[in-house]
Amino acid sequence: MQSRIEPVLVVGGGPVGLALAGDLGWRGIPCVLIEQSDGSIYQPRMDLVGIRTMEFCRRWGLVPAVEGSLYPRDYAQDNVYLTSLTGYELGRERFPGIGQAPPPKESPQRRERCPQNMFDPILRQFAAAWQSVTLRYRTRLISFTQSSDLVTAVVENAETGAREELLARYIVGCDGARSLVRETLGIGMAGNPVLTYTTNVIFRCQHLLSLHDKGKAYRHIFIGPEGTWSTIVAINGRDQWRFSIIGGSEQRDYTTQDIEAAIRRAVGRDFEFEILSVLPWVRRELVAERYRNHRGFIAGDAAHVMSPTGGFGMNTGIGDAVDLSWKLAATLEGWGGDGLLDSYGTERQPIGARNVGEASGNLRRMLSVGRHPDLLDATPQGAATREKVGHEFSEAMRREWHTLGIHLGYRYERSPICWPDGSAPPGDDPKAYIPTARPGHRAPHAWLTDGRSTLDLFGRGFALLGFGADADEAAPLLSAAQQRRMPMRFTAIAEPHIAALYARRFVLVRPDGHVAWRDDRMPAEPLHLIDVVRGTANLLPVPAEERAGK
C-alpha cells in the first residue's frame, strides 16, 4: 500500500517553522512539522515581536494572546549605558512600557515584548488548531532525497530510535543555522562565520531592582575601561535576567566562577542569585546563496544567520514563512505556476542580506567604544571621559532602537511576479518608513470608516482595491482571475485619504500584503497580468502607448 504523501514537510519547530505550519493550516494546506526537541525553551533567543510580525499576528487572530503574555506591559523599555548597575550611568534611550506605547500611524499594531518562551507556545497553539496540521515533536530528520515529483525523508523517533519514511511534495528547512536541509540541498552560505563568541546566562534574582538606583530598563549595556563587554536584559520583567558576555573573535570557555564574577562586576556589588542556564554561542553574519533547490526550501536561520543586535532574526524568518506559504498554497491548489516558487528566493534573499548587514552594523556600533583607562576615575578627567563616551555612544546606538524602516520598508525589487509601474522607489532608510503602494512594497495601512485597517483586507487571496471605481470597471481583471482559478476579491474604497496614499485607481495586493500591480485603468491584457503575478508568464515591458493611455 502506498504511503500517504504530505503536501509540505516542515523541518524545525521554532517560531519560523511554527509560523509556516500555522499559516499553511490557515490557508487550508495540510502539512507535517517535525521537531527533534519537545519544544521547551530554556534559553529564549528572541524577545522582540516586530511590528510586521504583529501585523501577521493580527491576520491570524493572535494579537490578544501576545498582548496577554506574562511580560509586564508597564515595564519600562529603556536602554541604559553604564559602567555597572551601581556605577556611572553614561546615557539612556527612554521608551515606555509596551502597553503604554500607542501604535505608530503607519500600522494598526505596535511591536511587542514577548520572549520566545512565551511566543513559541502561542504559535504552537495556532498551528495545532488546524486539523490539516500535524506537529510531531521528538522526531528528527535523518536524511532525504528528491525525485521529479516527490521528497522522501527518513525521520527518527528521538525516544525509541524507530525510523520511518515520510513522503512529501515539498520540504522546508526551518532547522536553524546548522540546517541539515540546507546542507542536503547543497546550498552554501556567504559572509562571516564568526563575529563574536558570546556566552548567554539566564539568572534569577527577584530583588535585583532593589540593589541599584537605575530604575527599570529593558536592556543594560555595560562599558568598562576596555570598551563594551556585557549586557543584561530583563527577560521576563520580574525575576529572570539574561546576562551576555559579548566576547570576541577568539573562543573562550568560562567557568562557573568566571560567570559569577562577571555578573557581580556588571551589577557592581556582591549579591545572591541563581544561574538557571548557560549557553555559549557564535554570533555570525551569513546569508544563503539561494533559498531553493527543486522541491526543497530554507527559511529563517537556515537561510540567514545574524547578530541579534536589532532583533531582526526571527522577524525576518517569519517574513520568509509568510512569503513562502501562500506560494506553496497556490502551487498545491493548482493556480500558481513554478515561477511563483522561484520568486521566493528572488524576493527574500535580498531582504535577508539587507537585514543581516544592518544587524552587523548595530553590533559594530555597540562595540565602537575604544579603550578609556580613566573611565572609572573619580576625577574631572574621568568625568569628562564619561560624558564624551556617553554622548557618542548614545548617538551611535540610536539607529538600533529606531528601526521602523527595517520592519516595514522592505520591498521586492526586480521580483518576477510584481509588475513595475515606473515610479521611483523611496529611500530604504532603516529608521524611517515611507508608506507607498508602489509594486513590490507592503501595501500601506490606513483606517477605513468602518474601523478596519486596509491590512484587514489582505490575506488568503489576492485583493483588488478600487478607488473611485466599482466592480463593473474592475470586471476585466476579476474575470481573468476567475478564468485562471486565482482567488481575488474586489473592494471599493471611497475614502479620499486612502486613495491619495495608494495613488492609483486600481491596486492589486498579493496574499502576503505586498502590492503586485497598480494603475489608473485596467490592463490591456488582463490574462497576461494575472499569469505574471501567479508565476506562469514572464514579465514583459509595458508598451509606451499603453502607459500613455492610447
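Using alpha carbon centroids, what distance separates the range 144-182 and the range 382-417, in Å?
39
Taking the 0 to 90 degree range and rounding to the nearest ten, how far is the long axis of helix 313-333 tilted relative to the main principal axis of the chain, both from C-alpha atoms?
On a 0 to 90 degree scale, this one is about 20.
State, to one decimal in nm, how far the label point of ARG4 lies from the label point of THR255, with both points 7 Å from Cα in the Cβ direction.
My value for the distance between the label points is 5.5 nm.
Quick one: what are the phi-derived ³J(HN,Hα) couplings along the range 439-452, Karplus 6.51/-1.76/1.60 with θ = phi - 60°, whole Hz, x for glycine and proline?
Once rounded to whole Hz, the list reads x, x, 8, 4, 4, x, 7, 8, 7, 7, 5, 7, x, 7.
Tell me, what HN-Hα J-couplings in whole Hz come from the Karplus equation 6.51 cos²θ - 1.76 cosθ + 1.60 at θ = phi - 60° for each residue of the range 102-109, using x for Gly and Pro?
With the stated coefficients, the range 102-109 comes to x, x, x, 5, 7, 8, x, 10 Hz.
Given that compact globular proteins tend to follow 2.2 N^0.38 Å, what is the ratio of the alpha-carbon Rg of the range 392-480 to that value?
1.41
Accessible area per residue of the chain at 1.4 Å probe, in Å²?
I get 41 Å² per residue for the chain.
For the range 277-375, which whole-number percentage of the solvent-accessible area (1.4 Å probe, protein heavy atoms only) is attributable to carbon and sulfur atoms?
In the range 277-375, the share of accessible area belonging to carbon and sulfur is 53 percent.
Give me D for the chain in µm² s⁻¹, whole number, from Stokes-Einstein with Rh from the Kirkwood sum over alpha-carbon pairs, 20 °C and 1.002 mPa s.
Once the numbers are plugged in, D ends up at 86 µm²/s.
Starting from the coordinates of the alpha-carbon atoms of the range 1-100, obtain the Kirkwood hydrodynamic radius over all distinct pairs and give the value in Å to one decimal.
When all Cα pairs of the range 1-100 are included, the Kirkwood radius is 17.1 Å.
For a quick check: with amide H placed at 1.01 Å from N, whose amide H comes under 5 Å from GLY227's, ignoring anything fewer than 5 positions away on the same chain?
Residues meeting the amide H criterion: HIS372.
Output the 0 to 90 degree angle, nearest 10, between the alpha-carbon long axis of helix 15-26 and the longest principal axis computed from the alpha carbons of the chain.
30
Only sites in a loop by DSSP and with at most 12 other Cβ atoms within 10 Å count here; which trypsin sites (Lys or Arg not before Pro) in the range 123-198 make the cut?
Counting only loop positions with at most 12 other Cβ atoms within 10 Å, the trypsin sites (Lys or Arg not before Pro) in the range 123-198 are ARG178.
At a Cα cut-off below 16 Å, give the lysines reachable from LYS105, other chains included and same-chain residues fewer than 8 away excluded.
Once the sequence-local lysines are set aside, what remains near LYS105 is LYS431.
Would you work out which of GLY91, GLY296, ALA190 lies farthest towards the positive end of the dipole of the chain, given +1 charges on the beta-carbon of Lys and Arg and -1 on that of Asp and Glu, about the Cα centre?
Checking the options against the dipole of the chain, the answer is GLY91.
Tilt of helix 471-483 relative to the longest C-alpha principal axis of the chain, in degrees (0 to 90, nearest 10)?
With both axes taken from Cα atoms, the answer is about 90 degrees.
Please say if the range 199-243 is rounded, prolate or oblate, where rounded means a/c under 1.5 for a ≥ b ≥ c the square roots of the C-alpha gyration tensor eigenvalues, and otherwise the choice is prolate for a/b larger than b/c and oblate otherwise?
oblate
What are the ³J(HN,Hα) couplings of the range 186-193, residue after residue, when phi is run through the Karplus curve with 6.51, -1.76, 1.60 and θ = phi - 60°? Round to Hz, x for glycine and proline.
Each residue of the range 186-193 in turn: x, 9, x, 10, 10, x, 9, x Hz.
What Rg and what Dmax come out for the range 39-182 when only alpha-carbon atoms are used, in angstroms?
Looking at the range 39-182, its Cα Rg and Dmax stand at 20.6, 64 Å.
What nm value, rounded to one decimal, do you get for the distance between ASN293 and ILE275 when each label is placed 7 Å out toward the C-beta?
Placing both labels 7 Å along Cα→Cβ, they lie 4.0 nm apart.
Which length gain, in nm to one decimal place, applies between ALA101 and ASP74 when the Cα-Cα distance is subtracted from 0.36 nm times their residue separation?
Roughly 8.8 nm would be gained on extension.
Cross-link partners among aspartates and glutamates for LYS214, C-alpha distance below 15 Å, same-chain residues fewer than 8 apart left out?
Excluding near neighbours in sequence, the set is ASP78, GLU89, GLU93.
Taking H as built 1.01 Å from N, whose amide H comes closer than 5 Å to the amide H of HIS514, not counting residues under 5 places away?
Those qualifying (amide H under 5 Å, at least 5 residues apart or on another chain) are ALA443.
Using the Cβ atoms and a cut-off under 12 Å, what net charge is assigned to the surroundings of LEU464, where Lys and Arg are +1 and Asp and Glu are -1?
+2
So what is the diffusion coefficient of the range 454-499 in µm² per second by Stokes-Einstein at 10 °C and 1.306 mPa s, using a Kirkwood Rh over Cα pairs?
142
Mind listing the Cα extents of the range 403-550 along all three principal axes, in Å, largest one first?
Principal extents (largest minus smallest coordinate, Cα): 41, 35, 30 Å.
From the residues PRO476, ALA262, THR385, which one has its Cα farthest along the dipole of the chain in the positive direction, the dipole being from +1 and -1 charges on Cβ of Lys/Arg and Asp/Glu about the Cα centre?
After comparing all options, I get PRO476.
Per Stokes-Einstein, at 20 °C and 1.002 mPa s, what whole-number D in µm² s⁻¹ belongs to the range 330-451, with the Kirkwood radius over Cα pairs as the hydrodynamic radius?
Diffusion coefficient, whole number: 117 µm²/s.
The values are calculated or read from the model by the stated rules, or taken from the named source; none is laboratory data. Since we're looking at a predicted model, the values are computed, not measured. A quick note on method: Cβ atoms are made from the backbone with ideal geometry, for glycine too, and the neighbour counts reach across all protein chains shown. In case anyone asks, the SASA skips ligands and DNA or RNA and just uses the protein heavy atoms, side chains included. Shrake-Rupley method; radii C 1.70, N 1.55, O 1.52, S 1.80 Å.
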